[in-house]
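Written below as structure tokens is the structure these notes are about.
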Amino acid sequence: MDFLPNIIFGLLLIVGIGFFARNIGRLKSVIALGRPEDRGDQSGKRWAQMARIALGQSKMVVRPIAGIMHIIVYLGFIIINIEVLEIILDGLLGTHRIFAPLGKVYDVLIGTFEILALLVILAVVIFWIRRNVIRLKRFVTPEMKGWPKRDADYILYIEVVLMALFLTMNGADYQLQQLQVADYIQAGSFPVSQFLSPFLEGMSAESLVLLERTAWWLHITGILFFLNYLYYSKHLHILLAFPNTYYGSLEPKGKFNNLEAVTKEVKLMMDPTADPFAAPPADAPVPEKFGASDIMDLKWIQLLNAYTCTECGRCTSECPANQTGKKLSPRAIMMATRDRAEEVGKNILQNKGSFTPDGKQLLDDHISREELWACTSCNACVEACPVSIDPLSIIMDMRQYLVMEKSEAPTELNVMMTNIENNGAPWPFNQMDRLNWKNEN
Amino acid sequence: MSDTLQVPTMAEMMAQGKEPEILFWVGCSGSFDDRAKKITKAFVRILNKAGINFAVLGTEESCSGDPAKRAGNEFLFQMQAMTNIQVLNGYNIKKIVTTCPHCFNTLKNEYPGLGGNYQVLHHTSFLKQLLEEGKIGLEGGSYKGKRITYHDPCYLGRANGIFEAPRELIRKLDAELVEMKSCKQRGLCCGAGGAQMFKEPEKGDKDVNIERTEQALETQPDIIAAACPFCNTMMTDGVKGKEKEQSIKVVDVAELIADAEDL
Ligand code: SF4
Ligand code: SF4
């Protein structure tokens with residue numbers, strides 16, 4: 001009977017981590033639906049980029065208030081998770097505070113965790129106020145209605161609850177240590193939770209043990225729940241920010257990909273020795289679809305981008321189109337891509353591994369043409385993103401589809417393109433007049 | 001305005017068996033747009049004064065393909081690019097300077113993958129070099145104490161990280177450089193990029209160039225400096241829209257320098 005808690009704990013851990021692993025597997029298979037793109041080169045630069053942007057949070061501090069608070073919550077979470085290791089070991093081995101023999105070091109650790117926990121609670125309260133009382137503009141745009149809004153609030157609530165449980169557990173432990181109850185060895189320092197003493201002092205040892213155990217179990221259950229919540233939430237960024245910044249572009253932002261399939265075709269057209277009527281070789285690959293109308297046409301990195309999006313809206317608040325009241329919002333582009341990727345992922349699961357056309361696609365059903373054509377390709381969104389997401393690349397790929405596969409560009413753009421084709425300039429001027437300026441006054 | 005401009009073409013140079021040091025890529029706007037042609041000429045006056053051995057392609061130049069690519073027409077873009085690359089490689093071009101950030105970006109970043117490898121400079125970087133080498137001096141003084149705000153073209157600044165060269169040139173004019181609330185990495189677009197120049201904007205509350213002009217006006221400038229012919233058009237229209245064209249001029253950095261040099 002003595003081992004019952006250990007067994008329950010072990011099962012809890014297996015279920016929690018197992019479910020999480022299943023979701024990560026699903027995530028990977030959805031991202032693998034994207035087209036290939038080599039982002040494995042220059043690993044030195046990539047590690048540095050990840051260290052700077054994800055670990056070092058370099059983009060976050062562009063907005064100092066949110067940035068500093070985010071660093072507190074981020075550091076708090078990472079460091080407090082050392083505590084989770086102890087909890088897991090205690091749970092499996094049936095020990096209590098297994099790291100206590102570290103002595104002074106242990107005191108400092110627990111003390112630091114407590115202070116961080118308090119700071120996290122404070123930061124989260126401020127975050128909540130910014131979203132729900134001040135209602136900062138970037139948190140109340142149309143794409144943030146419904147689930148995204150609730151999701152953002154739930155994350156804040158879960159964080160507060162987890163921190164509160166951690167402090168309650170320590171507070172009760174501290175009391176039990178004072179009462180010298182067996183098993184509750186003198187260990188740790190409690191700079192924050194000792195202030196809970198006035199509420200706990202009158203309690204009997206049994207009630208305190210019950211409180212301590214309840215907080216302990218809820219804390220670890222909560223953490224496992226949170227781990228599994230990630231996949232359904234924008235909070236997934238705490239994991240994906242790392243691979244996403246690692247694989248993020250290292251090129252100048254103005255450099256757009258050249259489509260290789262087009263290069264081949266153009267070269268052939270310009271090669272005077274090529275026989276235009278030659279039949280294509282039998283093993284010629286099926287011509288690639290140009291651009292993207294659905295998520296399978298995007299590259300895997302763009303799908304990883306979509307799952308990494310924190311829905312912070314920094315991109316949208318810097319977007320010139322959005323600032324001037326256009327429907328385009330780069331954040332909405334990323335959210336729509338993720339929604340559609342999930343839709344396709346579920347479809348594939350339900351149909352035993354293959355996608356069954358559902359009469360929907362990313363274009364029109366999730367992202368409208370009005371949004372796509374409003375973009376100035378200014379890269380403000382790319383610059384603003386704290387986790388190296390590139391909404392512009394999706395917009396460009398979808399424009400490419402509209403123009404190259406559907407010939408459905410806005411009329412004025414068709415005029416511009418016809419001009420380039422005929423006169424080598426976007427306006428109807430004759431190429432032979434290109435140097436006239438030289439003699440004009 | 002001094003005497004006639006010296007603008008040799010590559011074809012002429014070739015016929016004389018000469019090779020210029022640098023090719024000036026004029027761009028469509030610089031060739032055809034009335035306002036932008038003035039920028040082109042101002043830049044040529046500086047080149048002439050500094051005695052730079054340069055040439056243009058003239059009628060052999062064609063659109064870089066930037067607006068086609070950004071509108072989604074990769075095919076047309078690559079046709080343009082490869083045609084241009086054929087011409088450029090035919091003349092054995094090594095170094096290019098251009099007054100248009102869109103051409104600059106495309107030639108520098110997107111042509112190499114298609115076989116066009118050149119050293120490409122934006123004219124503000126090139127002018128800064130000339131200044132450092134003492135080939136141009138800025139003693140004019142007519143800008144002393146003038147408030148100048150500089151608008152970062154997206155394809156020069158954010159896209160390629162060139163923020164300082166144009167600013168340094170403006171500071172050298174003894175002018176007071178005042179920054180807008182969105183500048184450098186966070187500079188707001190003028191609204192022309194991504195082929196927007198050639199179409200009506202989507203439905204919204206405001207045009208992008210008006211928003212940007214308002215930001216510029218907040219700095220109470222005497223001059224709005226730009227470094228892109230398209231930005232110039234957008235900001236000029238914005239200033240007109242605000243009925244401020246009498247008091248505030250929109251000029252290219254090259255024009256500022258040509259003016260200061262009294263060219
Ligand atoms: S690149 Fe397009 S979507 Fe991104 S900020 Fe600029 S206009 Fe908006
Ligand atoms: S794309 Fe980047 S900046 Fe935009 S909402 Fe997502 S995480 Fe934030």
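The values are calculated or read from the model by the stated rules, or taken from the named source; none is laboratory data. The structure presented is a predicted model; accordingly, all values stated were derived computationally and were not measured. Virtual Cβ from ideal backbone geometry, glycine too; neighbours counted across all protein chains shown. Please note that ligands, DNA and RNA were not included when accessible areas were found on the heavy atoms of the full protein model with its side chains. Shrake-Rupley method; radii C 1.70, N 1.55, O 1.52, S 1.80 Å.
Which condition from (1) over 26 Å from residue A:144 (Cα atoms); (2) surrounded by fewer than 21 Cβ atoms within 10 Å (Cβ to Cβ); (3) without any contact (Cβ under 8 Å) to a residue 40 or more places away in the chain is the one that residue A:339 breaks? With respect to (1) over 26 Å from residue A:144 (Cα atoms); (2) surrounded by fewer than 21 Cβ atoms within 10 Å (Cβ to Cβ); (3) without any contact (Cβ under 8 Å) to a residue 40 or more places away in the chain, residue A:339 is out only on (1). Residue check: is residue B:143 buried (at least 24 other Cβ atoms within 10 Å of the Cβ) and in the same structural domain as residue B:177 (by TED's automatic domain parsing)? Spelling it out, it is not the case that residue B:143 is buried (at least 24 other Cβ atoms within 10 Å of the Cβ) and in the same structural domain as residue B:177 (by TED's automatic domain parsing).
In this structure, residue B:90 does not qualify as more than 8 Å from chain A (Cβ to nearest Cβ), open to solvent by less than 10 Å² (accessible area, probe 1.4 Å) and of a type outside the set (Ser, Thr, Tyr).
Yes or no, residue by residue, for (1) in contact (Cβ under 8 Å) with a residue 24 or more places away in the chain; (2) within 11 Å of chain A (Cβ to nearest Cβ):
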| residue | (1), (2) |
| --- | --- |
| B:11 | yes, yes |
| B:17 | no, no |
| B:26 | yes, yes |
| B:38 | yes, yes |
| B:44 | yes, yes |
| B:66 | yes, yes |
| B:69 | yes, yes |
| B:76 | no, yes |
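Candidates are the residues of segment A:322-342 that are in contact with a Gly (Cβ under 7 Å, 6 or more places away or on another chain) and within 14 Å of another protein chain (Cβ to nearest Cβ); the one that is nearest to residue A:304 (Cα to Cα) is A:326.
Within segment A:377-420, restricting attention to residues that are more than 7 Å from chain B (Cβ to nearest Cβ) and on the phi > 0 side of the Ramachandran plot, the residue that is least open to solvent (accessible area, probe 1.4 Å) is A:388.
Would you point out the residue of segment A:303-320, among those that are near ligand 2 (Cβ under 6 Å from one of its atoms) and in a helix (DSSP H, G or I), that is farthest from the other protein chains (Cβ to nearest Cβ)? So the residue we want is A:315. Check whether at least one residue in segment B:113-132 is touching a Cys at 6+ places or on another chain (Cβ under 8 Å), in contact (Cβ under 8 Å) with a residue 12 or more places away in the chain, part of a loop (DSSP other than H, G, I, E, B) and more than 16 Å from ligand 2 (Cβ to nearest atom), and report yes or no. Checked against the condition, which is being touching a Cys at 6+ places or on another chain (Cβ under 8 Å), in contact (Cβ under 8 Å) with a residue 12 or more places away in the chain, part of a loop (DSSP other than H, G, I, E, B) and more than 16 Å from ligand 2 (Cβ to nearest atom), segment B:113-132 yields no hits at all. Scanning segment A:364-376 for residues that are within 9 Å of ligand 1 (Cβ to nearest atom) and surrounded by 24 or more Cβ atoms within 10 Å (Cβ to Cβ) returns A:374, A:375, A:376. Scanning segment B:174-211 for residues that are over 21 Å from residue A:63 (Cα atoms) and of a type in the set (D, E, K, R) returns B:174, B:176, B:199, B:200, B:202, B:203, B:205, B:206, B:207, B:211. Here segment B:244-253 is the region considered, the condition is being part of a strand (DSSP E or B) and free of Cβ contacts under 8 Å to residues at least 60 places away in the same chain, and the residue that is surrounded by the most Cβ atoms within 10 Å (Cβ to Cβ) is B:250. Consider residue A:150 carefully, then state whether it is open to solvent by 40 Å² or more (accessible area, probe 1.4 Å), of a type in the set (D, E, K, R) and outside the structural domain of residue A:326 (by TED's automatic domain parsing). Spelling it out, residue A:150 is indeed open to solvent by 40 Å² or more (accessible area, probe 1.4 Å), of a type in the set (D, E, K, R) and outside the structural domain of residue A:326 (by TED's automatic domain parsing). Residues of segment A:241-264 that are open to solvent by 20 Å² or more (accessible area, probe 1.4 Å) and more than 14 Å from chain B (Cβ to nearest Cβ): A:242, A:243, A:246, A:247. Residue count for segment B:155-176 under the criterion of being within 14 Å of chain A (Cβ to nearest Cβ) and either farther than 16 Å from residue B:120 by Cβ or open to solvent by less than 10 Å² (accessible area, probe 1.4 Å) (or both): the result is 6.
Of all the listed residues (A:404, A:396), the sole one being more than 16 Å from ligand 1 (Cβ to nearest atom) and aliphatic (A, V, I, L, M) is A:404.
When restricted to residues that are in a loop (DSSP other than H, G, I, E, B) and either within 6 Å of ligand 1 (Cβ to nearest atom) or closer than 18 Å to residue A:393 by Cβ (or both), segment A:321-332 contains 2. Of all residues in segment B:23-36, those satisfying the criterion of being over 19 Å from residue B:11 (Cβ atoms) and over 11 Å from the mean Cα position of the chain (by Cα) are B:28, B:32, B:33, B:34, B:35. Going by the structure shown, is residue A:370 among the acidic types (Asp, Glu), at the interface with chain B (Cβ under 9 Å from one of its Cβ atoms) and away from ligand 2 (no atom under 12 Å from the Cβ)? The answer is yes for residue A:370.
Looking at segment A:24-138, the helices (runs of 4 or more DSSP H) lying wholly inside it that each contain 2 or more residues that are over 23 Å from the mean Cα position of the chain (by Cα) sit at A:64-93, A:104-132. Filtering A:230, A:208 for residues that are in the same structural domain as residue A:115 (by TED's automatic domain parsing), more than 19 Å from residue A:107 (Cα to Cα), part of a helix (DSSP H, G or I) and under 34 Å from the mean Cα position of the chain (by Cα) leaves a single hit, A:230.
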